[in-house]
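The values are calculated or read from the model by the stated rules, or taken from the named source; none is laboratory data. Note that the structure is predicted; figures quoted are calculated from it, not measured. Cβ placement follows ideal geometry from the backbone for every residue including glycine, while neighbour counts extend to all protein chains displayed.
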Amino acid sequence: MNCQKFNLKERMRLVWLQHVYWTRLLLISIAERLDDQADTTARLLQNPEDIANIFARYFPRQCVNEVERLLTEHLQIGAELITALRDGSKNADELDKSWYINAEKMAKAFNCMNPCYDYCEFKDMLFTHLDLTKKEVAARLAKKYKKDIEAFAEVEKEAICMADMLTCGIMKCCSL
C-alpha cells in the first residue's frame, strides 16, 4: 500500500472512530444529564465537516455538502432520539423513523457522490450502525453498563468496517 492510500485509510478510520466516540460521549451526557452536554454536542457536530473534508479532495463539493448536511442531521436526530427515549417521550417512534429515512437519504447521497458505493450495501451498513447504536442506548438507559460497553465495542468495529468500505470506494473510483 502506498503512502497516499495508507494516509487515506488512516484519516478515514480516525474520523469514523471520532464519530462513534463523540456520539458515545453525548449518549452518556444525555443519559446521565451531565453539564457537558452542550460542549459535547458542539464537538460532535464538527465531525460531519471533518468527514466531508476527506471526500472534498476527490468529489464535487455539491455532493460532499449534501453528505455533510445529512451526517449533521443524523447526529441531531440521534441526540433527539436519545433524549426522547430517556424521557419516555411519545415522539421517540417518529424520531426513530426519521433516523432510518435519513440513513436511506445518506446511502443515496454517497452512491450519487461515488457510484462505487452500492446503495443497498451502504444502506444496510447504515441501518446496522443505527441498530447497534440503539442497542448501546438501550443498555445505557437501562443502566446495564456491561451490556452498554459490549454494544459500544460492536459499534466501534462496525465504524472501522464502514471507514474501510468508504476508503476502498475512493481508491476504486479515483484510481489510487
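For first residues located in segment 116-140 and surrounded by fewer than 18 Cβ atoms within 10 Å (Cβ to Cβ), partners that are among the basic types (K, R) and lie 6+ apart or on another chain with Cβ distances below 8 Å form the pairs C116/K172; Y119/K108. Checked against the criterion of being in contact (Cβ under 8 Å) with a residue 12 or more places away in the chain, under 25 Å from Q4 (Cβ atoms), of a type in the set (A, V, I, L, M, F, W, C) and part of a helix (DSSP H, G or I), segment 97-108 contains not a single residue that satisfies it. The lone criterion from (1) in a helix (DSSP H, G or I); (2) surrounded by 18 or more Cβ atoms within 10 Å (Cβ to Cβ); (3) not basic (K, R) left unmet by F59 is number (1). Only one of the numbered conditions (1) of a type outside the set (F, W, Y); (2) assigned to a helix (DSSP H, G or I); (3) more than 19 Å from Y21 (Cβ to Cβ) is not met by C116, and that is (2). Taking every residue in segment 67-85 that is modelled with pLDDT of 95 or more and pairing it with any residue that is not in a helix (DSSP H, G or I), at least 6 positions away or on another chain, the pairs with Cβ-Cβ distances below 6 Å are A84/N91. The set of residues in segment 152-173 that are under 14 Å from the mean Cα position of the chain (by Cα) and among the β-branched types (V, I, T) comprises V155, I160.
The residues of segment 70-106 that are out of contact with any helix residue (DSSP H, G or I) (no Cβ under 8 Å at 6 or more places or on another chain) and either closer than 29 Å to R11 by Cβ or among the aliphatic types (A, V, I, L, M) (or both), listed by number, are Q76, I101. Cβ-Cβ contacts under 6 Å between residues 6 or more apart (or on different chains), taken from a first residue in segment 12-23 that is in a helix (DSSP H, G or I) to a second residue that is hydroxyl-bearing (S, T, Y) and surrounded by 19 or more Cβ atoms within 10 Å (Cβ to Cβ), are listed as M12/T167. Looking at (1) surrounded by 14 or more Cβ atoms within 10 Å (Cβ to Cβ); (2) free of Cβ contacts under 8 Å to residues at least 12 places away in the same chain; (3) charged (D, E, K, R), find the lone condition where K143 falls short. Condition (1) is where K143 drops out.
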